[in-house]
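The values are calculated or read from the model by the stated rules, or taken from the named source; none is laboratory data. Just so we're clear, the structure is a prediction, and the values are computed from it rather than from any experiment. Neighbour counts run over all protein chains shown; Cβ positions are idealised from the backbone, glycine included.
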Amino acid sequence: MTLNSLFRNATAAAALLVAAATQAANDKVVIYNWSEYVPEGVLEEFTEETGIEVEYNTYESNEVMYSKIKIQNAKGYDVIVPSSYYISKMAREGLLAKLDHSKLPNMDHLYGTLLDKPYDPGNQYSLPYTWGSTGIGINTDDIDKNSITGWKDLWDSKWENSLLLTDDVREVFQMALAVQGHSANTRDPQEIKQAFELLKKLMPNVLTFNSDAPREPYMAGDVSLGMIWNGEVIMAQEEMPEIQYIYPKEGVILWVDSFAIPANAENKDAAHKFINFMMRPDIAVRTVEYTGYATANKTAIRQLDPETRGNPTIFPTWEVINRGEFQEDVGDEATALFNQYWEELKAGM
Amino acid sequence: MNALLAHINFRKLVITLTISWLGIFVLMPHLMVVGTSFLTHDSDHFASLPLTLENYRQVLDATYAGVFWNSLVLSGITTVIALLIGYPFAYLLSRMGRVSRTVLLFMMVIPFWTNSLIRIYAIKMLLGKKGLFNTVLVSTGIVDKPLQLLYTDFAVIFGLVYILLPFMVLPLMASFDKLDQSLIEAGRDLGANAFHRFSQIILPLTMPGIVAGCLIVFLPAMGMFYVADLLGGAKSLLLGNIIKNQFLVARDWPFGSAFSVFLIVLMGALLWVYYKANQYVQKKGGMDDQNL
């Protein structure tokens, strides 16, 4: 091959690459979601129906997702799924794009009670995907279910070196704040400090932190008690029905995870199509069945089989919901304080 | 002539490539880290002016002294165990025929073609309450009920030793290869017993390998946050965990950078010790010894 022909070939290849790249910009959607949050086969179906290719990435904490979006200047991903209070924080910082509701006809299927929340009035930036709670996980083969009724029971010294906590600063503090009768969304340094002091006493009981797949240490038999998300219990019960979920009497930790589009996303059209697709009732039904989390889709709930619909671990009673508390943005100062105490807790172990 | 010219051009190309690669991917990022470490924490922009030494003061804060000490202990134990396993292993390897030696080395290196994260997950399954270790221990009646192995310091050390052992063996083997057999024979002829031959001849001559191996194991051990995350239960056990948390969770980049710089300086100090030790070895009893 002469140099000339080599050069010509290289140019041709480069032109092809550019063509492929431009094409990709129209026919691709990059999703950044929590791990194990979309049922198997759904992404493939989306590609089949729309011709839009899906690139899928996962994260295990809001903090990590936020850091990535922030450093990349709200580019690089087209759909993200922040939890409730991160919506208001990210919208305030200009990291989220306004949704075009005309492109999202399936939002008619959503529950009114989960729309127009304080963290996103008028749902300008987000639409709820699933909602769930963080409560107490227990292996009833090892521990009597009736002996545990609230968060307070985790402080018992007989659990030394055996508990699992989620690797989430706000959730762990919410547990301590609930025990002391304070709001999870307090900005009062005094109350936060008290919670920190209480958590320091809990640390000797902690064996591991896990927000990747908290059910796994329970299923591997390494942990029999601790915090867990309700959906993880549902997933675990397929193999081990003895793993169960307790709504702590001090109040459960509630959250909503919502779809949003980063402000500078490259494929906003495809992102709207994807969100609309995920809000389709049949897809929402499969999401509940796969993830074990409650859907925000009221049409889908009517289509669920009665057993799933009546499962209190997936759909808590109103009494439980009213006693629980949603997390809200507490501002930079309180957030920094939470983080600083969190570091101290983990470093002091 | 043409060949010579091509040769020189090729050399230039290689050198330019290497230097630019190091410049772009090693020097620049490190300079950025050093620069960031003097900036002020800013939750909206990660880092901002004014310049400050506050981050370094924070590094020396009492909160982190515990983690620092913990890191030193865990990495220290890891290094000692790796040395105790690696030294006889390297010795045996160097005494073997070429074929069996190649085979054994090959077997040691093969696992490294698998991602270390996957191997750590595998260890997690081995050490769990229903894992292989506990199953064997319980079924043979050595223990009554499964031991808590996972999410302990033991698990972290186990993982670190497993990941880092080859880095101990390879420099040691290089030292054993250079070891002149005639010196040992001379020692034997002059009446030195096995212990003396080891302590007076073999040990001093392989000291550069020991120091190099220990350094290459000790330093990375302090930073391997994912081993501590997965096997130790995501508590902040190693300095690497603190750095990771500062960057990803607390988003205090200047502080995380200051911690990184602290680790780099520590590494530099240890390399200096290595350099001095090497000089010492070469002076006294080494191949360059005047008295030899």
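Could you name every one of the helices (runs of 4 or more DSSP H) located completely within the range A:264-349 that has at least 3 residues being more than 20 Å from the chain's Cα centre (by Cα), under 30 Å from residue B:238 (Cβ atoms) and within 14 Å of another protein chain (Cβ to nearest Cβ)?
A:331-347
State which residue is farthest from the other protein chains (Cβ to nearest Cβ) when the search covers only the range B:233-262 and only residues that are of a type in the set (D, E, K, R) and under 17 Å from residue A:348 (Cα atoms). Don't jump to the end; show me each part of the working.
Of the residues in the range B:233-262, the ones of a type in the set (D, E, K, R) are B:235, B:244, B:251-252.
With the extra rule that they be under 17 Å from residue A:348 (Cα atoms), the set shrinks to B:235, B:244.
Numbers: B:235: 5, B:244: 10 Å.
Out of the qualifying residues, it is B:244.
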Residues that are under 21 Å from residue A:347 (Cα atoms): list the helices (runs of 4 or more DSSP H) wholly contained in the range A:112-231 that include at least 2 such residues. A:169-179, A:189-202
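Take the range A:37-65 and flag every residue that is farther than 25 Å from residue A:292 by Cα and either outside the structural domain of residue A:93 (by TED's automatic domain parsing) or of a type outside the set (Asp, Glu) (or both).
At the first step, the residues of the range A:37-65 found to be farther than 25 Å from residue A:292 by Cα are A:48-53.
Residues satisfying the conditions are A:50, A:51, A:52.
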Being more than 17 Å from the chain's Cα centre (by Cα) and within 14 Å of another protein chain (Cβ to nearest Cβ) is the filter; apply it to the range A:61-82 and report the residue that is nearest to residue A:169 (Cα to Cα). A:70
Might you check whether a residue that is out of contact with any helix residue (DSSP H, G or I) (no Cβ under 8 Å at 6 or more places or on another chain) and surrounded by fewer than 17 Cβ atoms within 10 Å (Cβ to Cβ) occurs anywhere in the range A:270-285? no
The lone exception for residue A:221 - which of (1) within 20 Å of the chain's Cα centre (by Cα); (2) at pLDDT below 95; (3) at positive phi it fails: (1)
So how many residues does the range B:57-95 have that are touching a helix residue (DSSP H, G or I) at 6+ places or on another chain (Cβ under 8 Å), of a type in the set (Phe, Trp, Tyr) and at pLDDT below 90? 2
What tally of residues in the range B:96-143 results from selecting those that are within 14 Å of another protein chain (Cβ to nearest Cβ) and either touching an Asp or Glu at 6+ places or on another chain (Cβ under 7 Å) or at pLDDT below 85 (or both)? 2
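Quick check on my filter: what residues within the range A:107-135 are of a type in the set (A, V, I, L, M) and under 17 Å from the mean Cα position of the chain (by Cα)? Walk me through how you get there before you give the answer.
We begin by selecting, within the range A:107-135, every residue of a type in the set (A, V, I, L, M); these are A:107, A:110, A:114-115, A:127.
The answer is A:114, A:127.
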Among the candidates B:145, B:130, B:124, single out the residue that is buried (at least 17 other Cβ atoms within 10 Å of the Cβ) and charged (D, E, K, R). B:124
Which one is farthest from the other protein chains (Cβ to nearest Cβ), of the residues in the range B:203-213 that are surrounded by fewer than 24 Cβ atoms within 10 Å (Cβ to Cβ) and either of a type in the set (Gly, Ala, Ser) or touching a residue at least 60 places away in the same chain (Cβ under 8 Å) (or both)? B:205
